[in-house]
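Structure record follows, encoded as structure tokens.
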Amino acid sequence: YSRELELKTTLRELIVYIIFLFTLCLVAFGMVSTKMFHLNAVMSRLFLEESSDEGINFNSIRNVDDFWKFAEGPLLDGLSWDKWYGNVTSDLQENRSHIYYENLLLGVAQVRQLKVHNKTCSSYPRFQNFTKDCYPSYRYNAEDKSDFGLKNGSEWKYTSATSLSPWYWGEVGFYRSGGFIFTLLKSKEKSREKLEFLRKNGWLTRGTRVVFIDFSTYNANLNLFCIIRLVVEFPATGGVLTSSRIYSVKLLRYVSFYDYFLASCEIAFCVFIITFIIQELIEIKNLKMEYFKSVWNWLDLLLVAVSILAIGFNIYRTMAVFLLMENLLSPENVYPDFYFLAFWQILHDNMIAICVFFAFMKIFKFVNFNKTMTQLSSTLSRCASNICGFAVMFFIIFFAYAVFGYLVFGPHVEDFSTFPNCIFSQFRILLGDFNFLTIEVNRILGPLYFISFVFFVFFILVNMFLAIINDTYTEVKADFAEIPSQEIHIKDLVRQ
């Protein structure tokens, strides 16, 4: 009878939890759609792949001259759409740019650069006589904020940013907000004249370490904002590294009836989380320290914590949109900083994604009444100590190979250029997704590294891991065979 009562209680909790999970999925999938992917793809093709008459596009920028050719060519061509369908200019479209006819350019684009001071890097004493100038890699304490060039405009004077503005993690640096800023104009020809003026007066210098090109569009057909950031880094090594961030986000959340339905789901989600918090507090009060000995209780706490973060991000983003939207859209000749709002929207989406992941993992807690799931959980718990001991041995060897690969192939092979890249590359080797020819830069150590790694890690260690699990599962299955079956028909319980 106690077993039947326990299963009935578990089934009731499972039904309630499935309703919560369904509500959470509605909230999560209500924020994303395939339309966002298509909008990102369209903008990516236009601003990253379109080439100038000289064959220069964003991805092919290799030096300062290429940057100016891209800015005065494909960038302005992509931003300035002054014609409507049939090559006709209408009064509605006057002084406005509709990229691909459907995406309204909000305000104007902004170009921003960060610089470093001269002679702030360390060099060998004997070479100081040969190098009069020395510009280091970008770092906060080496940033140059002094006026330069003509010193008569914002593009020549440093502009500070608000403390809440997010920093940018680039390919070779972590860049702060602010910098030397100028905006393009509504007129394509005037923008080209401004870019040409800055190019001739040396706006980009040896101290320039990164240039950001930011602009935003709005598609009324989809109610989506597309926030685009093109990043051109000028590392201390010379040359250029390009990267981009294109975010399609739904900042105006509550427009249609479906949006208001999703709003009700968000309210229901908050009610569920409040209920879960009360339940966990009651359990902690009753069980005290025994509560923290269960893995499922830790998962419950983690799910509640991530959910609270997601709710907090959503509230902050909603308030920021409500307070800033009108001010961002009112001046037509000023750059509207929608990147700040998109940043918080992406954080919220990421928290919801993590929350959904942990919520699905919690389903295992309710299906343990099934014999197969009980055997699985028993196998994992029984072999946990053996797996931990094996993991120590595995990662000692794994990281030894990672360090070896980084030191030998790092300067020549992109997959080994950083230590994290080495770790990911070795996992790819285990999965068979690896180009062996890349490590043939060292004809002796390259094949030796690859063959020995596959032999020791793949053939020996991975198979030892599988053997531990298989051996434990065999023991658990034999133990369960000796226990008389006390399973109750689940269909009868669900019917009750």
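Go through the range 281-340 residue by residue and tally those that are under 25 Å from the mean Cα position of the chain (by Cα), hydroxyl-bearing (Ser, Thr, Tyr) and over 17 Å from residue 266 (Cα atoms). Selection size over the range 281-340: 2. Taking the criterion of being open to solvent by 60 Å² or more (accessible area, probe 1.4 Å) and either aromatic (Phe, Trp, Tyr) or in the same structural domain as residue 333 (by the TED database) (or both), the residues of the range 169-179 that qualify are 169, 174. Against the condition open to solvent by less than 50 Å² (accessible area, probe 1.4 Å), more than 30 Å from residue 120 (Cβ to Cβ) and touching a residue at least 12 places away in the same chain (Cβ under 8 Å), how does residue 244 come out, does it pass? No: the conditions fail for residue 244.
Residues of the range 123-139 that are within 24 Å of residue 173 (Cβ to Cβ) and surrounded by 10 or more Cβ atoms within 10 Å (Cβ to Cβ): 123, 131, 134, 135, 136, 137, 138, 139.
Does residue 286 satisfy being polar (S, T, N, Q), over 30 Å from residue 185 (Cβ atoms) and open to solvent by less than 70 Å² (accessible area, probe 1.4 Å)? Judged against the criteria, residue 286 is not a match. If the condition is being closer than 15 Å to residue 449 by Cβ and of a type in the set (D, E, K, R), then the range 415-434 contributes 415, 428. Is at least one residue of the range 331-344 hydroxyl-bearing (Ser, Thr, Tyr), surrounded by 19 or more Cβ atoms within 10 Å (Cβ to Cβ) and more than 30 Å from residue 26 (Cα to Cα)? Yes. Annotation: of all residues in the range 157-168 being in contact with a strand residue (DSSP E or B) (Cβ under 8 Å, 6 or more places away or on another chain) and open to solvent by 80 Å² or more (accessible area, probe 1.4 Å), the one that is farthest from residue 231 (Cα to Cα) is 157. Of all residues in the range 140-156, those satisfying the criterion of being open to solvent by 60 Å² or more (accessible area, probe 1.4 Å) and of a type outside the set (Ser, Thr, Tyr) are 141, 145, 147, 150, 151, 152. Which of the residues belonging to the range 180-227 are touching a helix residue (DSSP H, G or I) at 6+ places or on another chain (Cβ under 7 Å), assigned to a loop (DSSP other than H, G, I, E, B) and surrounded by 20 or more Cβ atoms within 10 Å (Cβ to Cβ)? Within the range 180-227, 184, 203 meet the criteria.
Being within 22 Å of the chain's Cα centre (by Cα), surrounded by 12 or more Cβ atoms within 10 Å (Cβ to Cβ) and at pLDDT 85 or above is a condition met by at least one residue of the range 59-66. Considering only the range 228-241, state which residues are under 22 Å from the mean Cα position of the chain (by Cα) and open to solvent by 20 Å² or more (accessible area, probe 1.4 Å). Within the range 228-241, 241 is the sole residue that qualifies.
Going through (1) within 30 Å of residue 254 (Cβ to Cβ); (2) touching a residue at least 24 places away in the same chain (Cβ under 8 Å) one by one, residue 177 falls short only on (2).
A residue that is closer than 19 Å to residue 30 by Cβ and open to solvent by 80 Å² or more (accessible area, probe 1.4 Å) can be found somewhere in the range 297-312.
Could you grab me the full set of residues in the range 400-449 that are of a type in the set (Val, Ile, Thr) and farther than 20 Å from residue 465 by Cβ? The answer is 403, 408, 413, 418, 438, 439, 441, 444. Screening the candidates 70, 22 for the property of being in the same structural domain as residue 216 (by the TED database), of a type in the set (A, V, I, L, M, F, W, C) and under 28 Å from the mean Cα position of the chain (by Cα) yields one hit, 70.
Condition check for residue 101 on (1) over 21 Å from residue 217 (Cα atoms); (2) open to solvent by 20 Å² or more (accessible area, probe 1.4 Å): one failure, at (1). Scanning the range 295-306 for any residue that is small (Gly, Ala, Ser) and assigned to a helix (DSSP H, G or I) turns up at least one such residue. Considering (1) on the phi > 0 side of the Ramachandran plot; (2) touching a Gly at 6+ places or on another chain (Cβ under 8 Å), the lone condition that residue 223 does not fulfil carries the number (2).
Listed here are the helices (runs of 4 or more DSSP H) enclosed by the range 361-471 that have at least 1 residues being crowded, with 16+ Cβ neighbours inside 10 Å and touching a residue at least 40 places away in the same chain (Cβ under 8 Å): 363-366, 371-382, 384-409, 445-453.
The values are calculated or read from the model by the stated rules, or taken from the named source; none is laboratory data. It should be emphasised that the depicted structure is a prediction, and the values quoted were computed from it without experimental measurement. Neighbour counts run over all protein chains shown; Cβ positions are idealised from the backbone, glycine included. Heavy atoms of the whole protein, side chains included, go into the accessibility calculation; ligands, DNA and RNA do not. Shrake-Rupley method; radii C 1.70, N 1.55, O 1.52, S 1.80 Å.
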